[in-house]
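**Q** Handing you this structure, nothing more for now.
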Protein chains: 4
Amino acid sequence: MLGNTFGRVFRITTCGESYGSGLAVIVDGVPAGMKLTNEMIQEELDKRKPGQSELDSPRKETDIAQIFAGLGQEGLTTGAPVGIIVYNVDRQAVHVEQYRKAKHLFRPGHAEYTYFVKYGAHYDWCGAGRASGRETVGRVAGGAVAKQILLRDNIEVLAYVQESCGIRARRMGFEEVKKNYRKNPLNCPDLEAAEKMIAKILEIKAAGDTCGGVVEIIARGVPAGLGEPVFDKLSATIAHGLMSIGAVKGVEIGAGFRVAGMKGSECNDPPYIENERVRFRTNNSGGFLGGITNGEDLVIRMAVKPTPTISLEQDSFDKTTMREAKLAAITRRDATICPRIYPVAEAMVRIAILDALFMWRGWEGVQKHVSA
Amino acid sequence: MLGNTFGRVFRITTCGESYGSGLAVIVDGVPAGMKLTNEMIQEELDKRKPGQSELDSPRKETDIAQIFAGLGQEGLTTGAPVGIIVYNVDRQAVHVEQYRKAKHLFRPGHAEYTYFVKYGAHYDWCGAGRASGRETVGRVAGGAVAKQILLRDNIEVLAYVQESCGIRARRMGFEEVKKNYRKNPLNCPDLEAAEKMIAKILEIKAAGDTCGGVVEIIARGVPAGLGEPVFDKLSATIAHGLMSIGAVKGVEIGAGFRVAGMKGSECNDPPYIENERVRFRTNNSGGFLGGITNGEDLVIRMAVKPTPTISLEQDSFDKTTMREAKLAAITRRDATICPRIYPVAEAMVRIAILDALFMWRGWEGVQKHVSA
Amino acid sequence: MLGNTFGRVFRITTCGESYGSGLAVIVDGVPAGMKLTNEMIQEELDKRKPGQSELDSPRKETDIAQIFAGLGQEGLTTGAPVGIIVYNVDRQAVHVEQYRKAKHLFRPGHAEYTYFVKYGAHYDWCGAGRASGRETVGRVAGGAVAKQILLRDNIEVLAYVQESCGIRARRMGFEEVKKNYRKNPLNCPDLEAAEKMIAKILEIKAAGDTCGGVVEIIARGVPAGLGEPVFDKLSATIAHGLMSIGAVKGVEIGAGFRVAGMKGSECNDPPYIENERVRFRTNNSGGFLGGITNGEDLVIRMAVKPTPTISLEQDSFDKTTMREAKLAAITRRDATICPRIYPVAEAMVRIAILDALFMWRGWEGVQKHVSA
Amino acid sequence: MLGNTFGRVFRITTCGESYGSGLAVIVDGVPAGMKLTNEMIQEELDKRKPGQSELDSPRKETDIAQIFAGLGQEGLTTGAPVGIIVYNVDRQAVHVEQYRKAKHLFRPGHAEYTYFVKYGAHYDWCGAGRASGRETVGRVAGGAVAKQILLRDNIEVLAYVQESCGIRARRMGFEEVKKNYRKNPLNCPDLEAAEKMIAKILEIKAAGDTCGGVVEIIARGVPAGLGEPVFDKLSATIAHGLMSIGAVKGVEIGAGFRVAGMKGSECNDPPYIENERVRFRTNNSGGFLGGITNGEDLVIRMAVKPTPTISLEQDSFDKTTMREAKLAAITRRDATICPRIYPVAEAMVRIAILDALFMWRGWEGVQKHVSA
């Protein structure tokens, strides 16, 4: 209860699970007068689609987005909430039966035990239910709407795989990332490092195992002044949004955990004035001072754990008898979720930024930008 | 706007700033029939008081907590919201004048530029205003109320300094931490490591600089099943709460950022059955599966940046003329905020856990535990 | 923004408009283990369907409800949010063109001027858009879910037309209302009074005009103790919900506006004890003391204004030129909305009661009742 | 839980009860740069003070408002939440003992039975606790802050007693009401009708009884376009706010319950154009179309029940033994709450309007008006 809505004044509410009929999002706070098409939503959804490379699960989901509410007769938004639905297509009876047969066994690293505890015997045991990665369809569709509104303000958000299997991409700026990050199936803009990561991932995959990584999100063009002290700092609502993504175990901004070993004189970003605008020579702050944006790029990272489903036998237990048991290897899985999770990170950060922008400018202010 | 409330059904709303008359918290969701005294609040407030050692700022705040609402004639809670006020005592005119003189100059690493952008010429320039560490008085007082309710369920939360200046405490369990973490001014339970950290901090302080660290929070006794999928996972609301503390630049749970280099077979915590209860041999998950508690200890870490106020000259700019300028060394400051921020971390985690417990048990269920 | 969600911990979020592709509701807070079928939703939707008698608009909407999310493989709820979609069927191009032609003209009593002011030139001009009565499809579908949960607690809510055209039904108890209120197209349980009302309504309709009425809602079986002081009294959240229905201009509970002329000694309901339970000899309070339920029937009334669309020429103005103009008679309309608005009132009251019940019992408590 | 906060982006959170140490309000969403003094708060508080005439309770409360947070060194608001505290002064031990002696007996029409059910044996039995009229101190103090912000936009809200004991003031416009409504202790601007009402009230009082009335609220200068479809129509959030006031049993807008007997052709307000602005010849809508403001005066009425405390013996029961009993006459009471409840109504309507204005203009937009 309460858990399926994100955002305060620009907000998404989602529903849908792995083996239900469909997934949907209702996007509240969409100003009137903006062009919004199925294709704009589809473009984002396609980024998170499985089966795009040998790094992903072989599940085939075409994920066709249909905007069914919120558009006027001319196809422009009207100020009404936007409704988007995506029907589940690849729900084969054979897979349901596989899940049914194994439903008494806990899959290590998965949410099914905690869902079982919370919802009781009638929790959704099929394909991880609402805890499945498919849940993110609604987030990404909602984020696609946010993207269109932010673009009118020249606010761009992108996320890419920065690290995997102990290999880290070299530091690069927003423009270089933007140019290269979608050139390989891993969505890592350091093309050389990416090759090494992919080789390593495939090696791990061949051994029946999986791996995690770090996804970095950069937001460019965010005006200074966004975020509400003290509990709703934009850094805090972004952390909330990213940590709510399954598989994410850590969130940091700017220098992040490195600040633990820094001195104040190193960590403070020295300011200077450029064209009558305040700039900072370094960005250890990640674009936030007191949790409010300072006009620099927002830089956020999140830690993604290895896919828990592996092709190796594991210790487990039977949820019904509460006895220990062995879980056999499972083959239909992602070697790493990193290349599919980055659009979800983009979506959450976009929604959080837009929500803060709405608090600042109000409906009137945001709408003025949109229809202009 | 909206930003001064934390929690959904158990919630705190705070006000007060560095150089106002006082700070207060209204705690909503306090069940009836519980003993609650000024001393219980005071005990927690005293943990965050400045001037406790040479690591802290010399500001002297006695911080006397007064419960002024929410108690019946017998001194027990009544179900009404609890109001607590702490008057600011150490507000000397001389300090106000110091701040007034320097108010046009941006202090690197501080929130004053972003507050200036957001609130305009009339932002609070005195002692960092609402962005001051004094703001946390309300959080800690609210957390003290949460603590009393959680204790009735045998839920204990503690936070300690795990790392500073590149020195890290050895791993230790809840009981060992509990026994030792308050034995030194740094609140680090590895007494040997603490000595080294303190020596290093004092060395850095002597050089006019400051340092940061990592605070770890452990929660014991949290029942399995807390947290609301998908956006209000308990891990996400805790991340929100911790990232909302000034100076925090990262939050991670369990293995945290280390998952980026792990394999699925390493990262998955193997389950076993002990006394008919599910346990896990490792705790890489930090006590969360799918963001819902799994019955193990919650383990969370947050990165604390070095105090931005340093005794060294720094590059700055004049907020009124937008010209570059130099900021002189400042002497009244904390060498590190770590030993004073841990009670704030405890408070935020307690409030988030209790809020999730309320969602689960309802007022009726929580109250039953309290008055029993 | 923010406006399309109702409820705090049991909540509905709706989208969809008069001439969009479809309408949907996401219901958050549905406990696991409950049977929920399309037919259960359909039964409630059918109550608000137009074209059921000569009192209604001739618009033909079959309104087929499809639950597309929130059900497990056995058709039981799983704790995940429930998604329900209803596609708009009767969207004929000819009607769109009629609306397009007249869109510059303000229809007196309608929301289109205020939507125009709020959303600008791109507001939805077709069939009243989101301000249309069709918006209530989502409310009623959401209320149908609430109904199923409440039934497990033996909480029943019914609404009926109590007054129209100056004719008022005689006072009757819950059982008598329940037995008779659906026996005529007006949904008025005083069958004699209903006949007179219907005759009068048809007479007014024949003259090209419309009429309003009063709908009374009775809730039986609501336990004492629901509602949160001080702002979220259950009486207040119900008033919020009912006043949010288009066409509603007043809400009262118990003796309502009659209290203005009563003395304290008349208005106070004398208590007595029956089977060790507190009862009251009268119900001027409408079942609320201090906004919290007292165990008696909840009795609420709402005033419904006459349908603003009439078959008579009216003064109007052109929204684009801001000049006065005449609006011609419109024929496709409801003579009175009363017989179609009662299921919406039932839905809103059910949702508000269930939301308060969730606050009281928590997810755990509500779920226990559901799966039992 | 959740119940002590009103408003979404401009919001008040209150605490305090009849016989606690004090009452407070935290006002979130106050823009920076506005003059705000204790006197501005005091002026509103004084309106609701008891003991102003023989119509009121003889309780003496000086109610001194102190702003303790949210002001900068120059006494202007800073964007931080404003904290206001009022200490309870007239808490005599003799009264506490009176309440203690009678605490087992239910007072008809009071909330103590429902508080007892909800909060159990430890509910606040002293002076009605949080259900006392003293709770409204926080509302009125918060509304006083809202008033200052609204005044900068020339939005004025006033409430007056329109009806009592069956006597009704004649209809009068905003200016006439404003000029006269505070000229008598009843706050009724129809001075002749007021005399008759007062005579009648004193007569009823002399007989040991009490009476109720109708309070009308008029808001002038509210721009068109405020309120969020569909659930957060401004009419709905106002109804929520007013119905949350103890003693209020009904809320209506514009023609209110009279619409039940009107025809569409009568009820629709005919528009015309005046100085290029849309006006309406009548105001049956009360200033709302589709729940959004249309630029006309907002006209709202609420029904106030007679004070339940009367000087006559009444049927009652013992809450501890659950046996019937008699309650003796009580003498310390208000003959009618009407003349003291009107400032509470003003406060709630102001807060709801300002909250909607914030949604529309955002922090940036509202702040611009304030500091200008």
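The values are calculated or read from the model by the stated rules, or taken from the named source; none is laboratory data. The model shown is predicted, which means the values in this text are computed figures rather than measured ones. Backbone-built Cβ (ideal geometry, glycine too); neighbour counts: all protein chains shown.
**Q** Within region A:104-127, identify whether any single residue is surrounded by fewer than 20 Cβ atoms within 10 Å (Cβ to Cβ) and either of a type in the set (Val, Ile, Thr) or within 30 Å of A:ALA32 (Cα to Cα) (or both), and answer yes or no.
**A** Checked region A:104-127: no residue is surrounded by fewer than 20 Cβ atoms within 10 Å (Cβ to Cβ) and either of a type in the set (Val, Ile, Thr) or within 30 Å of A:ALA32 (Cα to Cα) (or both).
**Q** When region A:229-238 is examined, which residues are found to be within 11 Å of B:MET243 (Cβ to Cβ) and either surrounded by fewer than 21 Cβ atoms within 10 Å (Cβ to Cβ) or in contact (Cβ under 8 Å) with a residue 24 or more places away in the chain (or both)?
**A** Passing the criteria: A:ASP232, A:LYS233, A:LEU234, A:SER235, A:ALA236, A:THR237, A:ILE238.
**Q** Is it the case that region A:31-43 has a residue that's modelled with pLDDT under 95, under 26 Å from A:CYS338 (Cβ atoms), surrounded by fewer than 21 Cβ atoms within 10 Å (Cβ to Cβ) and within 23 Å of the chain's Cα centre (by Cα)?
**A** no
**Q** Here are some residues: B:VAL161, B:VAL137. Which one is in contact (Cβ under 8 Å) with a residue 40 or more places away in the chain, surrounded by 23 or more Cβ atoms within 10 Å (Cβ to Cβ), in a helix (DSSP H, G or I) and under 20 Å from the mean Cα position of the chain (by Cα)?
**A** Matching residue, one of B:VAL161, B:VAL137: B:VAL137.
**Q** Can you tell me which residues in region A:170-180 are of a type in the set (A, V, I, L, M) and under 20 Å from the mean Cα position of the chain (by Cα)? Give the derivation first.
**A** At the first step, the residues of region A:170-180 found to be of a type in the set (A, V, I, L, M) are A:172, A:177.
Correct list: A:VAL177 only.
**Q** Determine which member of the set A:GLY83, A:GLY72 is facing chain C (nearest Cβ under 8 Å) and touching a Phe, Trp or Tyr at 6+ places or on another chain (Cβ under 6 Å).
**A** Details: A:GLY72 fails: touching a Phe, Trp or Tyr at 6+ places or on another chain (Cβ under 6 Å).
It is A:GLY83.
**Q** For residues that are over 19 Å from D:GLY362 (Cα atoms), touching a residue at least 60 places away in the same chain (Cβ under 8 Å) and among the small types (Gly, Ala, Ser), tally how many sit in region A:1-32.
**A** So the answer is 6.
**Q** Taking the residues in region A:294-303 that are more than 7 Å from chain B (Cβ to nearest Cβ) and not in a loop (DSSP other than H, G, I, E, B) as candidates, determine which candidate is nearest to the chain's Cα centre (by Cα).
**A** My answer is A:MET302.
**Q** Which members of region C:286-306 meet the condition of being surrounded by fewer than 24 Cβ atoms within 10 Å (Cβ to Cβ) and in contact (Cβ under 8 Å) with a residue 60 or more places away in the chain?
**A** C:GLY295, C:ASP297, C:VAL299
**Q** Say whether the condition of being farther than 13 Å from B:HIS110 by Cα, in contact with a strand residue (DSSP E or B) (Cβ under 6 Å, 6 or more places away or on another chain) and among the hydrophobic types (A, V, I, L, M, F, W, C) is met by at least one residue in region A:261-270.
**A** no
**Q** Continuing with this model, one more query. Suppose the filter is crowded, with 21+ Cβ neighbours inside 10 Å and under 23 Å from D:PHE231 (Cβ atoms); does D:GLY264 pass it?
**A** no
**Q** Within region A:34-54, is even one residue away from chain B (no Cβ under 12 Å), touching a Pro at 6+ places or on another chain (Cβ under 9 Å) and more than 28 Å from A:ARG333 (Cβ to Cβ)?
**A** No, there is no match, as no residue in region A:34-54 is away from chain B (no Cβ under 12 Å), touching a Pro at 6+ places or on another chain (Cβ under 9 Å) and more than 28 Å from A:ARG333 (Cβ to Cβ).
**Q** Then there's this: Out of (1) away from chain B (no Cβ under 14 Å); (2) part of a helix (DSSP H, G or I); (3) closer than 28 Å to C:GLY22 by Cβ; (4) not small (Gly, Ala, Ser), the odd one out for A:HIS95 is which?
**A** (3)
**Q** State the number of residues belonging to region A:305-332 that are within 7 Å of another protein chain (Cβ to nearest Cβ) and touching a strand residue (DSSP E or B) at 6+ places or on another chain (Cβ under 7 Å).
**A** Selection size over region A:305-332: 9.
**Q** Is it the case that B:GLU274 is more than 9 Å from every other protein chain (Cβ to nearest Cβ) and either in contact (Cβ under 8 Å) with a residue 12 or more places away in the chain or among the small types (Gly, Ala, Ser) (or both)? Can you show your working first?
**A** Values: more than 9 Å from every other protein chain (Cβ to nearest Cβ): yes; either in contact (Cβ under 8 Å) with a residue 12 or more places away in the chain or among the small types (Gly, Ala, Ser) (or both): no.
It is false that B:GLU274 is more than 9 Å from every other protein chain (Cβ to nearest Cβ) and either in contact (Cβ under 8 Å) with a residue 12 or more places away in the chain or among the small types (Gly, Ala, Ser) (or both).
**Q** So, one more: Is region D:178-189 home to any residue that is among the hydrophobic types (A, V, I, L, M, F, W, C), crowded, with 18+ Cβ neighbours inside 10 Å and at pLDDT below 95?
**A** Yes - at least one qualifying residue is present in region D:178-189.
Residues are listed down the side, and each one gets a yes or a no for (1) crowded, with 24+ Cβ neighbours inside 10 Å; (2) over 20 Å from the mean Cα position of the chain (by Cα); (3) on the phi < 0 side of the Ramachandran plot:
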residue: A:ASP28; (1), (2), (3): yes, no, yes
residue: A:GLU61; (1), (2), (3): no, no, yes
residue: A:PHE68; (1), (2), (3): no, yes, yes
residue: A:ARG100; (1), (2), (3): no, yes, yes
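**Q** Still on this structure, please answer the following. Could you list all residues from region D:350-365 that are touching a residue at least 40 places away in the same chain (Cβ under 8 Å) and more than 16 Å from D:ALA224 (Cα to Cα)?
**A** Matches in region D:350-365: D:ILE351, D:TRP363.
**Q** Looking only at region D:209-228, filter to residues that are assigned to a strand (DSSP E or B) and facing chain C (nearest Cβ under 8 Å); which one of those is farthest from C:LYS263 (Cα to Cα)?
**A** D:GLU228
**Q** What is the one condition in (1) at pLDDT below 95; (2) out of contact with any helix residue (DSSP H, G or I) (no Cβ under 7 Å at 6 or more places or on another chain) that C:GLN162 does not satisfy?
**A** (1)
**Q** Still on this structure, I have one more. Tell me yes or no: at least one residue of region C:280-289 is more than 29 Å from the chain's Cα centre (by Cα) and either hydrophobic (A, V, I, L, M, F, W, C) or not in a loop (DSSP other than H, G, I, E, B) (or both).
**A** No, there is no match, as no residue in region C:280-289 is more than 29 Å from the chain's Cα centre (by Cα) and either hydrophobic (A, V, I, L, M, F, W, C) or not in a loop (DSSP other than H, G, I, E, B) (or both).
**Q** Considering only region D:277-285, I want to know if a residue exists there that is without any contact (Cβ under 8 Å) to a residue 12 or more places away in the chain, of a type in the set (Val, Ile, Thr) and more than 28 Å from C:GLY241 (Cβ to Cβ).
**A** So far as region D:277-285 goes, no, none of its residues is without any contact (Cβ under 8 Å) to a residue 12 or more places away in the chain, of a type in the set (Val, Ile, Thr) and more than 28 Å from C:GLY241 (Cβ to Cβ).
**Q** When region C:10-28 is examined, which residues are found to be facing another protein chain (nearest Cβ under 7 Å), among the hydrophobic types (A, V, I, L, M, F, W, C) and either in a strand (DSSP E or B) or touching a Ser or Thr at 6+ places or on another chain (Cβ under 6 Å) (or both)?
**A** C:CYS15, C:LEU23, C:ALA24, C:ILE26
**Q** Could you check, for region A:312-322, whether at least one of its residues is buried (at least 21 other Cβ atoms within 10 Å of the Cβ), farther than 24 Å from B:ARG333 by Cα and out of contact with any Pro (no Cβ under 6 Å at 6 or more places or on another chain)? Even if it seems obvious, please write down each step before you answer.
**A** Residues of region A:312-322 that are buried (at least 21 other Cβ atoms within 10 Å of the Cβ), as a first pass: A:314, A:316-317.
Still in the running and farther than 24 Å from B:ARG333 by Cα: A:314, A:316-317.
Imposing the further condition that a residue be out of contact with any Pro (no Cβ under 6 Å at 6 or more places or on another chain) reduces the set to A:316.
Yes, the conditions are met somewhere in region A:312-322.
**Q** Given (1) under 21 Å from C:GLY83 (Cα atoms); (2) under 21 Å from the mean Cα position of the chain (by Cα); (3) at the interface with another protein chain (Cβ under 10 Å from one of its Cβ atoms), identify the lone condition not met by A:ALA111.
**A** With (1) under 21 Å from C:GLY83 (Cα atoms); (2) under 21 Å from the mean Cα position of the chain (by Cα); (3) at the interface with another protein chain (Cβ under 10 Å from one of its Cβ atoms) applied to A:ALA111, the lone miss is (1).
**Q** Considering B:ILE273, B:ILE204, B:ILE253, which residue is closer than 30 Å to B:GLY109 by Cα, of a type outside the set (Gly, Ala, Ser), modelled with pLDDT of 95 or more and surrounded by fewer than 22 Cβ atoms within 10 Å (Cβ to Cβ)? Outline the logic, then answer.
**A** Working: B:ILE273 fails: closer than 30 Å to B:GLY109 by Cα; B:ILE253 fails: surrounded by fewer than 22 Cβ atoms within 10 Å (Cβ to Cβ).
Being closer than 30 Å to B:GLY109 by Cα, of a type outside the set (Gly, Ala, Ser), modelled with pLDDT of 95 or more and surrounded by fewer than 22 Cβ atoms within 10 Å (Cβ to Cβ) holds for just one of B:ILE273, B:ILE204, B:ILE253, which is B:ILE204.
**Q** Looking only at residues that are of a type outside the set (Phe, Trp, Tyr) and within 30 Å of B:ARG281 (Cβ to Cβ) in region B:244-258, which one is farthest from the chain's Cα centre (by Cα)?
**A** Checked region B:244-258; the qualifying residue farthest from the chain's Cα centre (by Cα) is B:ARG258.
**Q** Let me ask something else about it. Here is a check on your reading of the model: is B:THR336 in contact (Cβ under 8 Å) with a residue 12 or more places away in the chain and out of contact with any strand residue (DSSP E or B) (no Cβ under 7 Å at 6 or more places or on another chain)?
**A** no
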